[in-house]
Amino acid sequence: MRRGAFHYLIVPGWHGSPEDHWQSHWQRTLPTSRRVEQADWMQPQRPDWVTELHRGIVAASAPVVLIAHSLGCPTVAHWVAQASPEALRCVEGVLLVAPADVERPGCPEPLRNFAPLPLVPLPFPSVLVGSDNDPAASADRARAMGEAWGSEVTVLSGVGHINVESGHHRWEEGLAFLHRLQSLIGEQAQRRA
């Protein structure tokens, strides 16, 4: 599928995504892309974050592809768990990058209200990219989340939390995972036709 066929909705994690974060670069590069803006990036409240995600999805003028990082991934899972069938049909797929395990030992207090994490299959194609040295989720936990969500899972070696601190600014390599997601969306569309 061609990139212009979608509305890309960037779903940042805790603290948001600064200007030099790959999500910000992608937002400037991808056509018809916007970001979910949260009122409080430092003390995230699950109901508020899910509400803002919902607003972004239903306001889109084209089918939505979500691009979630870190706490954005649990936000998507919680949205799916409570969204109406009509709202769910607005989303074509989701790229889940470095999902935050909000149930892990030592999870920062501000993230704990996102637990328990819904671990049910997502109703649209998804690709999850984790890391074998991500402090926010072990490789095994990232795989388990992805499998529970029905995602195609890749665990990269030595890439940390796939953020600015781990050296990921433009993260052009990550676009391959977005293209893979678009292929899965196209395959699903063909099966439905």
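The values are calculated or read from the model by the stated rules, or taken from the named source; none is laboratory data. As the structure is a computational prediction, the values presented were derived from the model and not from experiment. Cβ coordinates were reconstructed from backbone atoms using ideal geometry, including for glycine residues, and neighbour counts include every protein chain displayed. SASA here: full protein model, heavy atoms, side chains in, ligands and nucleic acids out. Shrake-Rupley method; radii C 1.70, N 1.55, O 1.52, S 1.80 Å.
For the reader, a short list of remarks on this structure follows.
- The set of residues from the range 167-179 being assigned to a helix (DSSP H, G or I), surrounded by fewer than 16 Cβ atoms within 10 Å (Cβ to Cβ) and among the small types (Gly, Ala, Ser) comprises just one member, Ala176.
- Candidate set: the range 2-33, residues that are in a helix (DSSP H, G or I) and more than 16 Å from the chain's Cα centre (by Cα); chosen: the one nearest to Glu109 (Cα to Cα): Arg28
- Pairs with Cβ under 6 Å, 6+ apart, first in the range 3-25 and without any contact (Cβ under 8 Å) to a residue 40 or more places away in the chain and among the hydroxyl-bearing types (Ser, Thr, Tyr), second open to solvent by 30 Å² or more (accessible area, probe 1.4 Å) and in a strand (DSSP E or B): none
- The residue that is surrounded by the fewest Cβ atoms within 10 Å (Cβ to Cβ), among those in the range 49-96 that are polar (S, T, N, Q) and either assigned to a loop (DSSP other than H, G, I, E, B) or at pLDDT below 95 (or both), is Ser61.
- Scanning the range 129-143 for residues that are touching a residue at least 40 places away in the same chain (Cβ under 8 Å), open to solvent by less than 30 Å² (accessible area, probe 1.4 Å) and either outside any loop (DSSP other than H, G, I, E, B) or within 22 Å of His179 (Cα to Cα) (or both) yields Val129, Ala142.
- Inspection of the range 180-188 finds no residue satisfying the criterion of being assigned to a loop (DSSP other than H, G, I, E, B), on the phi < 0 side of the Ramachandran plot and within 17 Å of the chain's Cα centre (by Cα).
- Yes/no for Ala136 being small (Gly, Ala, Ser) and in contact with a Cys (Cβ under 7 Å, 6 or more places away or on another chain): no
- Remark: Thr32 falls outside the filter, which requires a residue to be at pLDDT 95 or above and surrounded by fewer than 18 Cβ atoms within 10 Å (Cβ to Cβ).
- Looking only at the range 156-166, and only at residues there that are surrounded by fewer than 14 Cβ atoms within 10 Å (Cβ to Cβ) and touching a residue at least 24 places away in the same chain (Cβ under 8 Å), the one that is farthest from Val120 (Cα to Cα): Gly158
- Hey, Trp22 aromatic (Phe, Trp, Tyr) and in contact with an Asp or Glu (Cβ under 9 Å, 6 or more places away or on another chain) or not: yes
The rows are residues; the columns are (1) under 16 Å from the mean Cα position of the chain (by Cα); (2) farther than 27 Å from Glu187 by Cβ; (3) surrounded by 19 or more Cβ atoms within 10 Å (Cβ to Cβ).
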{"position": "Pro108", "(1), (2), (3)": "no, yes, no"}
{"position": "Ser126", "(1), (2), (3)": "yes, no, yes"}
{"position": "Met145", "(1), (2), (3)": "yes, no, yes"}
{"position": "Thr154", "(1), (2), (3)": "yes, no, no"}
